[in-house]
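S.K.: Take this structure, written in structure tokens, and hold onto it; I'll ask about it next.
What follows draws every value from the coordinates through simple rules; no lab data is involved. Model, not experiment: these values are computed from the prediction. No Cβ is skipped: glycine too gets one built from the backbone with ideal geometry, and neighbour counts run over all protein chains shown.
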Amino acid sequence: MKAIFALFLLMALSSCATVERRKSSQLVGDWRYSDAAQSCHYSFRSDGTFSGEVTQQRRLVLKFTGRWKIEGSALHYVYLSEAFGRIPAGTIDRDRLLEVNADSFLIEAANGDHRRYLRVH
């Protein structure tokens, strides 16, 4: 019985890892979100690094780099640099990843806002 449970647990864990790898590979590329107040651009690379920028009222307010990964339904960010000193190096952020497909992904930000990012070709 213990052997069957261990096998089941191993299969479940490897299945979760496969889903996370698939989601991670789908996120590699350039993405943009915009609304009336701001525009956000992210570039996720396959080596686990990212860069991005945020503009508000057409003015660049953030320009950053960092590392990213997916764990379960969470998209984790660790910021390594920010050009204007507004995000300290080592800052950790997390969004809930609600949906990922070839042309868009949807997150729920920490403040509860939903944002759909579109792939930039």
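S.K.: Do we have residue 112 as out of contact with any strand residue (DSSP E or B) (no Cβ under 7 Å at 6 or more places or on another chain) and at positive phi here? If you could, list the steps in order and put the result at the bottom.
M.R.: Details: out of contact with any strand residue (DSSP E or B) (no Cβ under 7 Å at 6 or more places or on another chain): yes; at positive phi: yes.
Yes; evaluated as a whole, the condition is true for this residue.
S.K.: Of all residues in region 35-52 being over 12 Å from residue 115 (Cα atoms) and of a type in the set (D, E, K, R), which is surrounded by the fewest Cβ atoms within 10 Å (Cβ to Cβ)?
M.R.: 47
Rundown of residues vs (1) surrounded by 13 or more Cβ atoms within 10 Å (Cβ to Cβ); (2) among the basic types (Lys, Arg); (3) closer than 18 Å to residue 24 by Cβ, yes/no style:
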| residue | (1), (2), (3) |
| --- | --- |
| 54 | yes, no, no |
| 58 | no, yes, no |
| 62 | yes, no, no |
| 89 | yes, no, no |
| 95 | yes, no, yes |
| 99 | no, no, yes |
| 113 | no, no, no |
| 119 | yes, yes, yes |
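S.K.: Additional query: Filter region 72-99 for residues that are more than 10 Å from the chain's Cα centre (by Cα) and either hydrophobic (A, V, I, L, M, F, W, C) or assigned to a strand (DSSP E or B) (or both) and give the result.
M.R.: If the condition is that a residue be more than 10 Å from the chain's Cα centre (by Cα) and either hydrophobic (A, V, I, L, M, F, W, C) or assigned to a strand (DSSP E or B) (or both), then 78, 79, 80, 81, 82, 83, 84, 87, 89, 92, 98, 99 are the ones that fit.
S.K.: Within region 23-70, track down each residue that is outside any loop (DSSP other than H, G, I, E, B), basic (Lys, Arg) and within 13 Å of the chain's Cα centre (by Cα).
M.R.: Residues satisfying the conditions are 23, 32, 67, 69.
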